[in-house]
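Here is the structure we will look at, set down as structure tokens.
Each value in this text was obtained by applying a stated rule to the coordinates, not by laboratory testing. In this text the structure is predicted, and so the values were computed from the model without any measurement. When we count neighbours, we look across all protein chains shown, and the Cβ atoms used for this are built from the backbone with ideal geometry, even at glycine.
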Amino acid sequence: MAHTPTPWEILFEGGVPHIAKTGPRFEGETIARTYGDFESPTIDKGNAELIVRAVNNHQALVNALQAYVEYDEETSDCPSCPDCEGGCINATAREVLAQATQHEPGCLCPSCEVRS
């Protein structure tokens, strides 16, 4: 799925935070605005900050989780069973990675990076 390249940042227009991509091609072009709570601008700013932090760190987090999953596959004898006390961290890692990359666990499509 295509999206505006990162990093994104928060700019303010008329006191309303908006999420923008800056750089030579975009010049502060608005990607999205946050209008969550007109009575509390701090909520709108907080929402924008959360979105920007999540977007700007998404690929690094996916890469780290992918590295963990690959390491686990190479070194662990754990069968990733659901019987682990508190849930299985290995199964959870695969599920979260699949959600973050929009693939099903165990997907074998040519573009899929998830090899769980």
Separation of the Arg25 and Asp77 label points, Cα + 7 Å toward Cβ, nm: 5.0
Neighbour-count ranking [beta-carbon atoms within 10 angstrom, fewest first] of Ile51, Ile19: Ile51, Ile19
Theoretical FRET efficiency, 1/(1+(r/R0)^6), r = Cβ-Cβ of Arg33 and Asn56, R0 25 Å, to 0.05: 0.90
